Amino acid sequence: MIETTIHRQNPMIDPAFHAWGWEIPVYLFLGGLVAGLMILSGYHIIRALWDKDRAHGHYVTAPILSLALLTVGMGALFLDLEHKLYVWRLYLTFEVTSPMSWGSWILLLVYPALAASALLTLPQTFPKLARRLPFCSRCAGALHDCPRVVQAIGFANMLLGVMLGIYTGILLSTLSARPLWNSALLGPLFLFSGLSTGAATIHLLAHVRRPDSGSDDFSDAVLSALVNWLRPPAPGHVGTQKLEHADNSFLTVELLLLGLFIVGLLSSTEVHQRAVELILTGPYAAAFWVLVVGCGIVLPLTLQFLQAQHRIRSTVVPALLVIGGSLALRIVIVAAGQASAWTVASH
Amino acid sequence: MSRYGMVIDTHRCVGCMDCVVACKTENHVPEGYCRDWITEVTRGEFPTLRMEIRTERCNHCDNPPCVHCCPTGASHVHERGGVVLVTKEECIGCKACLAACPYDARFVHPEGYVDKCTFCIHRVEQGLLPACVSVCPTHCMHFGDLDDPLSEVSRLLASRAHHALLPEAGTKPCIYYLT
Amino acid sequence: MERLSRRRFLKISAATFGAATAAAHLPDALRAAAAQGEKGVRTVATFCEMCFWRCGGIAHVRDGKLWKFEGNPKDPQSRGRLCPRGTGAVGAYYARDRLQKPLVRVGARGKEQWKAVTWDEALGYVAERMQKIKAEHGAEAIAMFNHGIGVRMLQHVLKSYGCTNFAGPSFAQCRGPRDVGFRLTFGEDVGSPERTDIENARCLVLIGSHLGENMHNTQVQEFSDAVGAGATVIVVDPRFSVAASKAKYWLPIRPGTDLALLLAWMHVIVTEKLYDADYVAQHGYGFEQFAAYVQAFTPEWAYPETGIEPELIRATAREMAQHRPATLIHPGRHVNWYGDDAQRSRGIALLNALMGSWGRKGGFFTPASMDVPDYPYPAYPKPARPKLDNPDKKYPFAHEALTTGIREATLSGKPYPIKGWFVYATNLLHALPNEAETIEAIRKLDLLVVVDVIPSEIAGWADVVLPESTYLERHDELNVEFFKHPFVSIRQPVIESPHDQKPNWWIARELAVRLGLERYYPWKHIEEYLENRVTGAGLDFAQLKKQGVIRGARQPVFFDEGVPAEFPTPSGKIEFYSTQLQEHGFDPIPRYTPPDPGPAGSFRLLYGRAPMHSFSRTQTNPLLADLMRENVVWLNAVAARRLGLKHGDWVRLRNQDGVLSNRVQVKATERIRPDCVYLVHGFGHTAKGLRRALGRGASDAGLITRYKVDPLMGGTAMSVNFVTLEPADAPQEA
């Protein structure tokens, strides 16, 4: 029997550590999603160079969407900062041991890479808008004339996507005082979660913006997108089918990594076992098993498998589940991680 | 090179929290916050009990995770005595260091930057003891250079049984508790 | 900026004093300096009043703002180090809840409805009411309850007026039984600060005394020194106190049975001939009767009473004897527990006598003081009637006045009516048992004046509330202490009061002027008074003001240093057998009476101190409130499980008379016996002005509706109440 009494009442620290609210999970989720989108769209940019016929229109909105999502994510991160006016201090130094420092510099590279790919795809995404911005169109045209540059942009997006995805996990895993996070597997786990979410998002985009919608007017596109939401997707569309396959692979790897993450902690010290119990059997278990594993991975995996077998009709439901599950994964890991500790105080 | 540390005699400490008030007045720690605190650990079952009372604070670790994770260099190791400090004008308030510290020794000051024990380096540089050490009515706290084998802290460590907090966390804490 | 010399200040304030009602009692020069943006750090030596220990300290003011208060190395009590309350004293200055202006009641009594008035109005009102009471009932009908060194200034004006009834809870609600028990045995008090030589003790026995939580600075410092030096500590306490955690032996005694343990210990020591035979033979009186008497009280007899194993009783008795005479059985301080308190204290005194520790190193020293003459005041008028707190010597051994005696007389109007109360620096509603009785007495009054720093519960019932400066803002009576090292210390203002607060001496003097008693005030400013006394003692006043403390030459304090072994008892010896007790019909040697068991399923309510709080008066100090915002109710972990309560659950305590406490959190712990619960005293405030403390924690005082009166000396034993626990909702904010 051990009774520990800590006579301290610091906000965020006592009675239990809780420094991060919704902002950080949202940031990590959007960062992971953007990472996935960058890898997928980067891959698509490169493949489109070899095989123009097989280029699918639904990838092209990804870079612009990524820019928007990343900015929202950065906004969430900024909201979390307690000393906001000093944020510029991030860019006066590079701290080699700090994942956050790495992250802030990676983000600084991600923006131009995304901007380049967005520029590349602008005429295809929003032709009318592109016509209004002749300079951008000219630049896009010029880029398209240099396949090596296009290839470089594609590779840059893929590489930075991988870095960004891994960073969102490593950011947590280096905070060694929270034993639940003490696993480098969080890096690949969040990366593959980002990839599956990215694939699901492109899948959704495919529904929103079909090649057969025909209109190149922005407002028309938006209106038709709304209508398209309500219609079942075109059966057997070659692009979405591939996406489902890809998404299933990512989800499978994600599930595997999640398993390894748990096994790794369970086979570590008592402190780590107690930490992982928080999500396995403890106060975060319901959210973890139902939202993250069940609805976020296993269910969409099953649905997409059945869709691929044409046993059920293809819908956007699996994609939505994957996106929701991905957000839930971040929320659960961030919250339970904060609750995990090296010391256990009775009060 | 010097390596500042503390040696605290848990036999003498009564947990009165004078160290906490002294720190608060010396360093203008805002209301509702503290840089040092008391922990009581009781083991056993009635009526066979033993209790350790400790005055705790930042351990000014030799391997400080809070410094490693700081993205701006605001958290740093001071050139004098290896003291871990935060430069408030460089801190962005990301709270990574709060999450990295296994001792929960840091907090966010109401003005937004992260704050913590400084070993009263402003006093130490004037040849004074940290405020908590200087006021302690039980004389349970000793401050000095752990690298100097002749210092009081080194001699106490050499002659008495002691432990540090969470050495298994790998932080190499510089505060020792005599048992 | 160079601070102005204090001599200059004296001249300024002496010259301007009396020019207006709100005359400068504080350094005008300081005020000017602050207004001009005083820069840098200046220090002032003074002594503390966060409790009654009066430690010397040095206050620091930085850039005109009160910064910190540290121990004065020259002071033998603080030895350069203060306790948390002393260190947190600056919080008392900054506390937003402190009284700011004189207040006169406008609503019904106890409703805390006030009108802020000027000092002239407030004191004029008080003087007028006093004159009326004097005219109708005589000056003796005005009584005062008081605490702290400032008492002497206010008593002076009242004594000049003809009052005679003054009492502090420090006797009948605190250390009275102990001093009576020791007087009956050794002929002398233990005193305050206690004459215990803890630092040299080789074996320290604490019976219910929780040093370390009970933060009497010098004692705690010496306790740590003794522990550090490897002294054996034996703690008798139903609770595993901080001191118990330092002990070789913890005896978790059944509450109320300490005297049984003492008798068993004495039985072992006498039958095994472990006592100091020479000392007893030389100084003892009635030892044969005593030795015969204790034969019956074997450890086996004590076991069912106390719950302490016979072998443990023997082992601890032998351990004590092994270290004698440096074995100190600590007399404690607040000892009003079970109603047998004076006799229990006498038991402690007798055990010390067996150890031969009185007058010996590691036991009890003989305190010395410096010879400082009183101020040559004119003689006070002789009161027309005698004191009424202890009519007909009902409690024959009460050598100080009884607060509860005055309360009783106020209620009954006998032997003569009491119509006015002055209450100085004591929160009577938390200090006296059975709050309802106090309130009933207040309803009989024509005038209740409360002089305090914070709007305490008693202030809530006052007709006039006079806001006193905190001790960091005022002069006070000179501290001429009886201690191991004789010394004199001075209190002097560090900073001016933030609002319209005044020091006690100013309030007293201004009241005297309004009562036509100027002739009792040959001095105009207290510095004249202080200088008179200090220079009268042949000391340098300027040096005292500079250093805060002047120490006298070390004098012998132990028998073997040359202190004569004198015992001012009737027999002139240590009375193992007390003929005075026998003459008054009491047991000449302490007799054990089993405690009353409480109602089935209830817990005995015990209470005690926390190191960062003094009574009920520091809970609004922002620095100290940060250390402990509210109390918790200690409940044995097994008992908690039985009641279905978890650590951290909210409950209310209901006592045997149906009184329900404020909500409080459960501390489910192994550190307490399963038959009692424990609260730190001073929480559960109900006064609306104490915003920071209002409704935080549970008040033990509110639950102490019953008390047992000590037949020897009239002390009120308070650990005789029983409570049950009822689940409560958590507060909204938690």
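At a glance:
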| quantity | calculated |
| --- | --- |
| Residue C:230 being small (Gly, Ala, Ser), without any contact (Cβ under 8 Å) to a residue 24 or more places away in the chain and more than 9 Å from chain B (Cβ to nearest Cβ) | yes |
| Residue in segment B:92-103 that is away from chain A (no Cβ under 14 Å) and open to solvent by less than 20 Å² (accessible area, probe 1.4 Å) present | no |
| Residue among A:303, A:255, A:251, A:299 that is in a helix (DSSP H, G or I), in contact (Cβ under 8 Å) with a residue 60 or more places away in the chain and touching a Leu at 6+ places or on another chain (Cβ under 8 Å) | A:251 |
| Residue match in segment A:136-154 (condition: part of a loop (DSSP other than H, G, I, E, B), under 27 Å from residue A:26 (Cα atoms), in contact with a Gly (Cβ under 7 Å, 6 or more places away or on another chain) and open to solvent by less than 40 Å² (accessible area, probe 1.4 Å)) | no |
| Residues within segment B:149-177 that are acidic (Asp, Glu) and open to solvent by less than 60 Å² (accessible area, probe 1.4 Å), tallied | 0 |
| Per-region count, segment C:321-357, residues open to solvent by 10 Å² or more (accessible area, probe 1.4 Å) and within 29 Å of residue C:478 (Cα to Cα) | 2 |
| Test for residue B:51: is it at the interface with chain C (Cβ under 7 Å from one of its Cβ atoms), open to solvent by less than 20 Å² (accessible area, probe 1.4 Å), modelled with pLDDT of 95 or more and in contact with a strand residue (DSSP E or B) (Cβ under 9 Å, 6 or more places away or on another chain) | no |
| Residue A:27, sole failed condition from (1) farther than 20 Å from residue A:208 by Cβ; (2) open to solvent by 10 Å² or more (accessible area, probe 1.4 Å) | (2) |
| Filter result for the condition that a residue is surrounded by 21 or more Cβ atoms within 10 Å (Cβ to Cβ) and over 15 Å from residue A:199 (Cα atoms), over A:330, A:313, A:274 | A:330 |
| Wholly enclosed helices (runs of 4 or more DSSP H) of segment C:570-664 bearing at least 1 residues in contact (Cβ under 8 Å) with a residue 40 or more places away in the chain and within 14 Å of chain B (Cβ to nearest Cβ) | C:622-627 |
| Answer residue from segment C:353-400, given it is outside any loop (DSSP other than H, G, I, E, B) and touching a residue at least 60 places away in the same chain (Cβ under 8 Å) and is farthest from residue C:197 (Cα to Cα) among those | C:354 |
| Members of segment A:106-135 found to be surrounded by 15 or more Cβ atoms within 10 Å (Cβ to Cβ) and within 14 Å of chain B (Cβ to nearest Cβ), listed by number | A:106, A:107 |
| Of residues in segment B:129-145 being surrounded by fewer than 21 Cβ atoms within 10 Å (Cβ to Cβ) and away from chain C (no Cβ under 11 Å), the one farthest from residue A:84 (Cα to Cα) | B:145 |
| Leading residue by the ranking (farthest from the other protein chains (Cβ to nearest Cβ)) among those in segment B:9-22 that are part of a helix (DSSP H, G or I) and not charged (D, E, K, R) | B:19 |
| In segment A:57-90, the residues that are hydroxyl-bearing (Ser, Thr, Tyr), under 28 Å from residue A:119 (Cα atoms) and either surrounded by 19 or more Cβ atoms within 10 Å (Cβ to Cβ) or at the interface with chain B (Cβ under 9 Å from one of its Cβ atoms) (or both) | A:59, A:61, A:66 |
| Qualifying residues in segment C:687-730 (those that are open to solvent by less than 10 Å² (accessible area, probe 1.4 Å) and among the acidic types (Asp, Glu)) - the one farthest from residue C:639 (Cα to Cα) | C:710 |
| Matching residues, segment A:91-105, being open to solvent by 20 Å² or more (accessible area, probe 1.4 Å) and over 28 Å from residue A:151 (Cβ atoms) | A:91, A:92, A:93, A:94, A:95, A:96, A:97, A:100 |
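Matching residues to (1) out of contact with any strand residue (DSSP E or B) (no Cβ under 9 Å at 6 or more places or on another chain); (2) buried (at least 24 other Cβ atoms within 10 Å of the Cβ); (3) within 7 Å of chain A (Cβ to nearest Cβ):
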residue	(1), (2), (3)
B:7	no, yes, no
B:24	yes, yes, no
B:31	yes, no, no
B:76	no, no, no
B:85	no, no, no
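The values are calculated or read from the model by the stated rules, or taken from the named source; none is laboratory data. These numbers were taken from a predicted model, which means no experiment stands behind them. Positions of Cβ are generated from backbone atoms using ideal geometry, with glycine treated the same way; all protein chains shown enter the neighbour counts. Note: areas computed on protein heavy atoms with side chains; ligands, DNA, RNA excluded. Shrake-Rupley method; radii C 1.70, N 1.55, O 1.52, S 1.80 Å.
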